Amino acid sequence: MTSVAEMVGSHRIVQGNGIVHPLGSAESSPEEEHRLRRKIMERALDALTTEVDQPTVFK
Amino acid sequence: MARIVLYLNQFFGQIGGEDMAGVGPRFTTEVVGPGRALIGLLEPGEGLAATVICGDNYFAEQPEKAAAECLGHIRLAQPDIFLAGPAFNAGRYGVACAALCKAVQSQLGIPAVTAMYDENPGVDVYHREVIILRTGQSAAAMRDVLDRMLRLGRKLRAGEPLGKPQMEGYFPQGRLEAELADKPAASRALDMLLAKLAGQPFQTELALPAFNPPPPPPAVRDLAHAKVALVTDGGLVPTGNPDGIEVSAASKFAAYRIEDRLEPADYDVSHGGYDNRYVKQDPHRLVPLDVARELEREGRIGQLHDEFVTTTGLANPVNNSRRLGRGIADHLKEAGVDAVILTST
């Protein structure tokens with residue numbers, strides 16, 4: 001869904017892990033799921049501290 | 001004799017500027033402000049019966065009371081046509097004009113027209129119910145706009161059907177009307193495609209909403225001293241959904257206090273657009289409070305705002321989403337929040 005976020009003009013975009021659990025993973029162990037959530041959140045913090053001049057997907 | 005009543009704010013009504021924005025509704029039979037241009041446009045048999053004037057702040061702070069008081073004055077003037085504004089890009093004025101038009105047409109049964117700029121919040125709120133003419137931002141076009149308002153007002157009074165919004169210059173009201181086309185849809189689509197390929201103008205039959213995003217906010221310089229808030233449009237609500245956030249096209253948002261964890265038993269999901277069971281099993285899969293607290297403890301972020309803000313984004317019209325976004329931004333700014341992580345399903 002990041003393409004929709006880009007289309008409507010969201011400035012700082014981070015891809016989540018699926019529509020049903022953007023910050024989780026039902027298939028993973030609790031530890032792995034936590035690591036994944038942490039990774040996505042750290043990416044969001046990187047996005048917040050980066051200057052952008054157009055919709056940008058942070059990978 | 002067609003009696004016209006005009007509504008103006010304190011500025012156009014020549015009472016004063018922002019310092020007089022608190023004045024309550026008043027009524028005059030003198031011709032003031034845009035009324036002068038208006039009387040020059042009247043046809044024989046038309047007259048400006050009265051002008052009702054109210055301060056922008058008085059109206060914005062107590063819209064129902066102000067509207068009722070204005071309506072009292074308007075009723076006494078026995079109008080045949082009610083014109084409000086034009087408000088151009090003045091937000092409080094635009095909302096007041098549109099609210100009064102709505103009240104006048106529904107409670108007095110009198111045709112009402114206002115006019116304002118695209119981005120005036122009055123358009124967002126009232127375009128479906130009120131005839132709002134599209135204007136530019138500059139009041140220099142006053143005479144021309146008043147002329148257009150008057151023409152539409154006359155049509156409404158005569159019971160003539162209005163043309164399409166783009167022909168008459170008012171904001172589309174979201175009405176669907178069946179009409180016969182001279183060619184089937186496939187031919188029309190092909191004509192459009194050919195025109196597009198040839199670089200010629202063409203008129204779409206299904207305009208997509210324009211998003212007009214604001215400019216990107218600057219990067220957060222010092223995250224270690226910033227206050228960060230968690231926001232979601234995935235519909236996470238406390239069990240029982242105390243504020244009644246709708247499962248689709250939510251009309252409101254709510255903010256709920258958070259501690260260290262989101263216990264599954266304490267939360268539910270009010271969102272009809274995705275399979276909610278994974279988030280119900282563990283709400284952190286939508287609102288990452290656990291990790292956010294970790295990052296706060298480690299000093300990566302200065303402070304986590306002590307509530308999360310939630311609404312339901314599903315099938316929400318752009319205008320409504322924009323209104324909710326503004327509301328959420330105002331709420332968080334008031335709380336001193338510097339940055340937001342918004343999680344979306």
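Summary table below
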| quantity | calculated |
| --- | --- |
| Reference-scaled alpha-carbon Rg (2.2 N^0.38 Å with N residues) for region B:1-153 | 0.91 |
| Computed helical MRE - 222 nm, chain B, DSSP H runs ≥ 4 contributing -39500 (n - 2.57), nearest 500 | -9500 deg cm²/dmol |
| Helix B:91-103 axis, angle to chain B major axis (alpha carbon atoms, nearest 10°) | 70 |
| Full-extension gain in nm, B:Glu177 to B:Lys252, via 0.36 nm per residue minus C-alpha separation | 24.0 nm |
| Residue-wise HN-Hα coupling along region B:46-61, computed from phi with Karplus coefficients 6.51, -1.76, 1.60 (Hz; x: Gly, Pro) | 10, x, 7, 6, 6, 10, 9, 10, 9, x, 4, 6, 4, 5, 5, 7 |
| DSSP-defined beta bridges in the protein assembly as shown - what % are antiparallel, rounded to 5 | 25 |
| Region B:223-343: C-alpha gyration tensor shape, a/c 1.5 cut-off, then a/b vs b/c | oblate |
| Chain-alone versus full-assembly comparison, region B:279-327, residues with accessible loss of at least 50 Å² (1.4 Å probe) | B:Arg285, B:Val291, B:Leu295, B:Arg300 |
| Cα gyration tensor, region B:131-215 - rounded (a/c under 1.5), prolate or oblate | oblate |
| Cut-off under 5 Å, modelled amide H: who pairs with A:Gly18 long-range | none |
| With every protein chain in place, chain A: carbon and sulfur % of accessible area (1.4 Å) | 50 |
| Whole-number accessible area per residue in Å² for the protein assembly as shown, which is evaluated in the context of all protein chains at 1.4 Å | 52 |
| Nearest 10 degrees, 0 to 90: helix B:142-158 Cα axis against chain B principal axis | 80 |
| Cα-based helix-to-principal-axis angle, B:318-334 vs chain B, degrees rounded to 10 | 60 |
| Convex hull volume per residue in cubic angstrom - Cα atoms of the protein assembly as shown | 194 |
| Flagged links, alpha-carbon separation over 19 Å, of B:Lys280/B:Lys333; B:Lys227/B:Lys333; B:Lys65/B:Lys102; A:Lys39/B:Lys252 | B:Lys280/B:Lys333; A:Lys39/B:Lys252 |
| Selected from B:Thr135, B:Thr204, B:Thr28 as most flexible by GNM, with chain B as the system and alpha-carbon contacts under 10 Å | B:Thr204 |
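The values are calculated or read from the model by the stated rules, or taken from the named source; none is laboratory data. This one's a predicted model, so the numbers in the text were calculated from it and none came from an experiment. Side chains included, ligands, DNA and RNA excluded: accessible areas come from the protein's heavy atoms. Shrake-Rupley method; radii C 1.70, N 1.55, O 1.52, S 1.80 Å.
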